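Input: a single structure, listed below in structure tokens.
The values are calculated or read from the model by the stated rules, or taken from the named source; none is laboratory data. Just so you know, these numbers come straight off a predicted model, no measurement behind them. Note that we place each Cβ from the backbone using ideal geometry, even for glycine, and neighbour counts take in every protein chain shown. Quick note on the areas: whole protein, heavy atoms, side chains included, nothing else; ligands and nucleic acids left out. Shrake-Rupley method; radii C 1.70, N 1.55, O 1.52, S 1.80 Å.
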Amino acid sequence: MNATFDLPYDGELEFNVTTKSTDQTGPGAIFSLSRKNFMRTAATLSFQLKGSYEWQTNSTADGNSSKLNSYELGTSFSLEYPRLVLPWMSKKMMRSRFPQHTSFKLYASQLNRARFFKMLSFGGTVSYDFQPSRVWKHTVTPSDWHLIVCSYYTFDTIVDKNRSLKISLGNQFIPAMSYTFTYDNAPLKKRNNLWWETSFTSAGNLTSLVYAAFGKGFKETDKKLLNSPYAQFLKMTSEVRCLFKVGEKQHIATRLMGGILYAYGNQTVAPYSEQFYIGGANSIRAFTVRSIGPGSIVLKINSMVIWMRPEM
């Protein structure tokens, strides 16, 4: 083991320029600052500030020559410990041969899509990661809450015809908790590798129990928290990746993924951010990200019509 001195502060400044096929171009920047060994606890206190701006060139909208300018701003604070931070655990119980982490995070962001919508979001998480062995990893998130406030949206004709879209884009409070387990046999150095991850998420159920304790029944709807209706749903996602070695430098990679989302109780439509979608470089490359779902889309292939419903 070689020990080296390190600086107590770590800062990063990143710039980027984005160009899209929709004629949108603009710069972005991310500034990060970290304080290592915070209060001599081996913890890392981090602060991040990010922003981006895009303007649309060589095009007009609805006969208007003004450009479609959009921007995004966000900030976050996080505190990470290289161990499990629980009040009932002693130092002896926290000892482990494998990595352990505890993370506390607060964030806020604002997204403005000119002439479409403006959305504010606030949130915070408490998460625990631990490994009982080399191949198994568990992540428990007892507190994961998000407050989404949509200031306005301009596509009223579409929203009025789709009640589900209207509810999912409305103001919502999402109090959730989740559990994730991951299996990865790569450390065993086998010929064929298997990676499997499954997550379970529950939102709004503990909040409903608190409301029930104060006299509001489970069947009542439109109950609010922080002046916004809170979401209530159950969600399960699973993904399996198999890597088969067929030669000295050749592998066949496969992936299977799926999920189930059931909204009920206080809100019968799940938040837009929790709904399933496909498209993009890691999915169906012929479509841009989120271009297929939530909802349904009609594909016509050789005079044959196929209805796809990625949302469940």
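Candidates are the residues of the range 130-150 that are assigned to a strand (DSSP E or B) and more than 17 Å from the chain's Cα centre (by Cα); the one that is nearest to Val85 (Cα to Cα) is Phe130.
When you scan the range 39-50, do you find a residue that is basic (Lys, Arg), at pLDDT 80 or above and outside any strand (DSSP E or B), even just one?
So the first thing to find is which residues in the range 39-50 are basic (Lys, Arg), and the list is 40, 50.
Add one more test, that the residue is at pLDDT 80 or above, and what stays is 40, 50.
The next check asks that each one be outside any strand (DSSP E or B); those that pass are 40.
Yes - at least one qualifying residue is present in the range 39-50.
Test Ser208 against the stated conditions and say whether it is of a type outside the set (Val, Ile, Thr), surrounded by 10 or more Cβ atoms within 10 Å (Cβ to Cβ) and under 22 Å from Ile278 (Cβ atoms). In short, no. For the range 15-36, name all the residues that are of a type outside the set (S, T, N, Q) and in a strand (DSSP E or B). Of everything in the range 15-36, those that are of a type outside the set (S, T, N, Q) and in a strand (DSSP E or B) turn out to be Phe15, Val17, Gly26, Pro27, Gly28, Ala29, Ile30, Phe31, Leu33, Arg35, Lys36.
Matching residues to (1) part of a loop (DSSP other than H, G, I, E, B); (2) more than 18 Å from Ala176 (Cβ to Cβ); (3) out of contact with any Pro (no Cβ under 6 Å at 6 or more places or on another chain):
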{"residue": "Cys242", "(1), (2), (3)": "no, yes, yes"}
{"residue": "Ala253", "(1), (2), (3)": "no, yes, yes"}
{"residue": "Ala270", "(1), (2), (3)": "yes, no, yes"}
{"residue": "Ser283", "(1), (2), (3)": "yes, yes, yes"}
{"residue": "Ala286", "(1), (2), (3)": "yes, yes, yes"}
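Inspect all residues belonging to the range 145-161 and state whether any of them is small (Gly, Ala, Ser) and either farther than 30 Å from Gln24 by Cβ or modelled with pLDDT of 95 or more (or both). No, the range 145-161 has no match at all. Pairing each residue of the range 183-195 that is within 15 Å of Thr254 (Cβ to Cβ) with any residue that is aromatic (Phe, Trp, Tyr) and open to solvent by 70 Å² or more (accessible area, probe 1.4 Å), provided the two are 6+ apart or on different chains, yields C-beta distances under 8 Å for Asn192/Phe244.
Of everything in the range 170-203, what is aliphatic (A, V, I, L, M), open to solvent by 50 Å² or more (accessible area, probe 1.4 Å) and more than 19 Å from Val240 (Cβ to Cβ)? Give them in sequence order. Write out each step before concluding.
First, pick out the residues of the range 170-203 that are aliphatic (A, V, I, L, M): 174, 176-177, 186, 188, 194, 203.
After this cut, where a residue has to be open to solvent by 50 Å² or more (accessible area, probe 1.4 Å) as well, the list is 177, 188, 194.
Selection gives Met177 alone.
Under the condition of being open to solvent by 40 Å² or more (accessible area, probe 1.4 Å) and either at pLDDT 90 or above or hydroxyl-bearing (Ser, Thr, Tyr) (or both), the residues counted in the range 259-291 number 10. So is Leu79 open to solvent by 40 Å² or more (accessible area, probe 1.4 Å) and more than 30 Å from Asn185 (Cβ to Cβ) or not? For Leu79, the condition - open to solvent by 40 Å² or more (accessible area, probe 1.4 Å) and more than 30 Å from Asn185 (Cβ to Cβ) - is not met.
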